[in-house]
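For reference, the structure is listed below as structure tokens.
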Amino acid sequence: MALVPLLALAVFVAGCGGGGGAAGGNTGAPPSSQPAPQPESQPESQPEPLPEIAVDPYWRNASIYFLLPDRFNNGDTANDLAYTRQADGAPLRGYLGGDLRGVINKLNEGYFSALGIDAIWMSPVVENIHGYMEASGRTYAYHGYWPKDWTALDANFGSEADLKELIDTAHGQGIRVLLDVIANHTGPETAQDPLWPPEWVRTAPVCDWSGFTGNVTCTLTDHLPDIRTESDDAVELPPFLQEKWRQEGRLDQETAELDTFFARTAHPRAPRYYLLKWLTDWVREYGVDGFRVDTAKHVEPEFWAELKLEAGEALSQWKQQNPDKKIDDKPFFMLGEVYGFGVDNFWNSDGRQFDFGDRKVDFYQYGFDSLINMGFVHQTEQPPADLFQQYADDLVAGSLKGAGVLNYISSHDDLESFDRDRSRTFESATKLVLAPGAVQIYYGDEIGRLLTDATAIYDAQLRSPMNWQYLANPDVQQLLAHWQKLLQFRRGHPSVGAGAHRVHQSTPLVFSRTLGDDMVLVALDNPVGEKLIPVFGIFAEGSAVRDAYSGNTATVENGAITLDTEYELVLLEASE
């Protein structure tokens, strides 16, 4: 059966780089602020204009908290080491005990609500390999990017009952839950984990990043077997997986469900369609609100379109069956990691398209509502006025008009993260949260968790345990309060991330964001104490306004307001 794109376009194909990597990190040439060299090619005819897109402003403004369950919070010490795993990993490369119960506990404490979070994205929680790799020091699959069984939740993180409780608790607070999904590769072969059959995976060649083929029909590394997602050939379940299910007492149930799925969809029993079924089962069973897709450009983009359609149907079905547990009727959301994609033609980006050298792909036409913006960490050195204008020009009126992008200052696999030593924490928060586009908060951004560790190598440095003990420090409390005020302001006003940007004054900087009836005014670098701020017609004469940062209110008189606060930042909204 031929793959079908979400929207009928000329032939487009997928990407390069990677998010799973040797230890759950990116692979391939790293992005930089300079364009990557391109192979010579024949002149192309003028391409047809791309179809317009209009992503929901909610997602273009969303604040998404990204965490690794193993590193965030340990809520149940009984599951610290499951299967045959041992506490003998290299520094920051073994399991440290964090789990879903730890996330639930923080939800119950109100931590995410107080922070102003719209959605929680967790790294993969499906069952990973039980063994370890030695290539970069003894490394277990604590990060979740080495899958073994897509139908089971990894016992190190808890149970499916825990996942259900986590999602229901988050939904009760208006917070959505995104799961990180993998369809590019299995986990590596180890002494405890067999290699998947050759009809399921390839073990060579290793990707050389040349063109589409050199990114897709190849292995990210020499130890990550690449799933044959391009194949339409029917395959049987791997013998080891059948035996595993038999020992767990669920072989008959799993095979019966597969029979029902393939009968309903008429898909061939090709590897990618098994994955399609297994991934969307989590949505159908628990009401998962969206996926963050790992290594998106290393899989044929048509598969992601099919995944989006099936996941959308699954979520719609769940909401019909669970009307008291849903937040609203928003459709399924899909966020993609296209390694090297970014705003303003960053690296190999060409507007909305990613250029592989021999082919360009617009991933927004293959099911993605948003793509991770890997350019932000390189562009954040600019002054706020320049940074915000650059993003407004591209996202509001430029080549990415109407598209969703997710900005970040740090992540689990970007060693070029901004302010890794956390010496510019307040500046980082202000630039990230007030920039146009959606926001990724990587766990610990909000309390200054360090992204350096002399004992760890490579991307493990970025994955230290959450530094909850820092909250005893008054300076860290002030930093957390700064993030809370900014993110609560953003959560209350979709115009912050998705609205039109207009500069009214350059020194000190005053700008507005407007989206329909939602209008805000932001002023930076004001004097501490009493300050006079013109409102430039954003708020009517005589109207009451509130500074969301200090909590003070004022009345517009003669086109301005007077505030007396101890802060340099002012976030103005209409007063309730």
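The values are calculated or read from the model by the stated rules, or taken from the named source; none is laboratory data. Everything quoted here is computed from the prediction, not taken from an experiment. Glycine gets a Cβ as well: all are built from the backbone with ideal geometry, and neighbour counts include every protein chain shown. Ligands, DNA and RNA are excluded from the accessible area calculation, which covers all protein heavy atoms including side chains. Shrake-Rupley method; radii C 1.70, N 1.55, O 1.52, S 1.80 Å.
Numerical summary
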quantity: Every residue from region 274-295 that is of a type in the set (Ser, Thr, Tyr) and not in a helix (DSSP H, G or I); calculated: Thr295
quantity: Hey, Phe356 open to solvent by less than 20 Å² (accessible area, probe 1.4 Å), within 19 Å of Ser63 (Cβ to Cβ), at pLDDT 95 or above and not charged (D, E, K, R) or not; calculated: no
quantity: Odd one out for Ile538, checked against (1) touching a Leu at 6+ places or on another chain (Cβ under 7 Å); (2) in a strand (DSSP E or B); (3) of a type in the set (Val, Ile, Thr); calculated: (2)
quantity: Pair list, Cβ < 7 Å and 6+ apart or interchain, from region 320-338 residues that are modelled with pLDDT of 95 or more and part of a strand (DSSP E or B) to residues that are open to solvent by less than 10 Å² (accessible area, probe 1.4 Å) and hydroxyl-bearing (Ser, Thr, Tyr); calculated: Leu335/Ser370
quantity: Pair list, Cβ under 7 Å, 6 or more apart: region 305-317 residue at positive phi and assigned to a helix (DSSP H, G or I), other residue surrounded by fewer than 21 Cβ atoms within 10 Å (Cβ to Cβ) and not charged (D, E, K, R); calculated: none
quantity: Residue within region 430-437 that is open to solvent by 10 Å² or more (accessible area, probe 1.4 Å), polar (S, T, N, Q) and assigned to a helix (DSSP H, G or I) present; calculated: yes
quantity: Residue in region 379-395 that is hydrophobic (A, V, I, L, M, F, W, C) and either free of Cβ contacts under 8 Å to residues at least 24 places away in the same chain or open to solvent by 50 Å² or more (accessible area, probe 1.4 Å) (or both) present; calculated: no
quantity: Scope region 518-535; condition in a loop (DSSP other than H, G, I, E, B) and either open to solvent by 30 Å² or more (accessible area, probe 1.4 Å) or of a type in the set (Val, Ile, Thr) (or both); matching residues; calculated: Asp525, Pro527, Val528, Val535
quantity: Residue in region 440-459 that is part of a helix (DSSP H, G or I), open to solvent by 10 Å² or more (accessible area, probe 1.4 Å), touching a Lys or Arg at 6+ places or on another chain (Cβ under 9 Å) and farther than 23 Å from Leu521 by Cα present; calculated: no
quantity: Residues that are open to solvent by 30 Å² or more (accessible area, probe 1.4 Å) and in a strand (DSSP E or B), drawn from region 502-517; calculated: Arg502, Val503, His504, Gln505, Thr514, Leu515
quantity: Counted residues, region 518-569 - those being acidic (Asp, Glu) and under 39 Å from the mean Cα position of the chain (by Cα); calculated: 6
quantity: Unmet criterion (only one of (1) touching a residue at least 40 places away in the same chain (Cβ under 8 Å); (2) of a type outside the set (D, E, K, R); (3) open to solvent by less than 40 Å² (accessible area, probe 1.4 Å); (4) out of contact with any strand residue (DSSP E or B) (no Cβ under 8 Å at 6 or more places or on another chain)) for Gln484; calculated: (3)
quantity: Gly342 of a type in the set (Gly, Ala, Ser), buried (at least 17 other Cβ atoms within 10 Å of the Cβ) and in contact with a helix residue (DSSP H, G or I) (Cβ under 6 Å, 6 or more places away or on another chain); calculated: no
quantity: Test for Ile167: is it in contact with a strand residue (DSSP E or B) (Cβ under 9 Å, 6 or more places away or on another chain), closer than 19 Å to Asp413 by Cβ, of a type in the set (Val, Ile, Thr) and touching a residue at least 24 places away in the same chain (Cβ under 8 Å); calculated: no
quantity: Matching strands (runs of 3 or more DSSP E) fully within region 355-408 where at least 1 residues are among the hydroxyl-bearing types (Ser, Thr, Tyr); calculated: 370-372
quantity: Search result, residues across region 126-151 that are touching a Lys or Arg at 6+ places or on another chain (Cβ under 9 Å), of a type in the set (Gly, Ala, Ser) and either open to solvent by less than 10 Å² (accessible area, probe 1.4 Å) or on the phi > 0 side of the Ramachandran plot (or both); calculated: Gly131, Gly137, Ala141
quantity: Candidate set from region 198-238 (those that are within 16 Å of Ile129 (Cα to Cα) and assigned to a loop (DSSP other than H, G, I, E, B)); member that is most open to solvent (accessible area, probe 1.4 Å); calculated: His223
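Table: residues versus (1) touching an Asp or Glu at 6+ places or on another chain (Cβ under 8 Å); (2) open to solvent by 60 Å² or more (accessible area, probe 1.4 Å); (3) modelled with pLDDT under 95; (4) in a loop (DSSP other than H, G, I, E, B).
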{"residue": "Ala29", "(1), (2), (3), (4)": "no, no, yes, yes"}
{"residue": "Gln38", "(1), (2), (3), (4)": "yes, yes, yes, yes"}
{"residue": "Leu50", "(1), (2), (3), (4)": "yes, no, yes, yes"}
{"residue": "Ala54", "(1), (2), (3), (4)": "no, yes, yes, yes"}
{"residue": "Arg60", "(1), (2), (3), (4)": "no, no, no, no"}
{"residue": "Pro91", "(1), (2), (3), (4)": "yes, yes, no, yes"}
{"residue": "Ala114", "(1), (2), (3), (4)": "no, no, no, no"}
